[in-house]
Amino acid sequence: MPFEESSAPANDDDEGCPKCGHTETDVGTISTTGGGLSKMFDIQNNHFQVVSCLNCGYSELYRDTGSAGSDIVDVFLG
């Protein structure tokens with residue numbers, strides 16, 4: 001999934017970034033190995049969505065469960 005940028009205007013319900021309050025985010029994905037055999041054979045079986053503030057860079061990881069990226073941004077912004 002390529003990076004997506006959300007620049008929705010802030011409203012009364014948005015708290016913004018937990019660190020600086022900014023409301024523009026960047027959403028990306030990362031994959032990591034687990035433990036045991038997956039680590040030994042470099043099998044990347046853990047997938048996460050990364051939501052980052054475009055102002056300060058604060059980022060949070062969310063396990064990728066196949067849900068839409070906008071739902072994760074809503075969690076990040078409050």
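The values are calculated or read from the model by the stated rules, or taken from the named source; none is laboratory data. The model shown is predicted, which means the values in this text are computed figures rather than measured ones. Calculation scope for accessible area: heavy atoms of the full protein, side chains included, ligands and nucleic acids excluded. Shrake-Rupley method; radii C 1.70, N 1.55, O 1.52, S 1.80 Å.
Structure notes:
- Across Leu54, Leu61, the residue with the most accessible area heads the list, and the full order at a 1.4 Å probe is Leu61, Leu54.
- Accessible-area ranking of Asp26, Asp64, largest first, probe 1.4 Å: Asp64, Asp26
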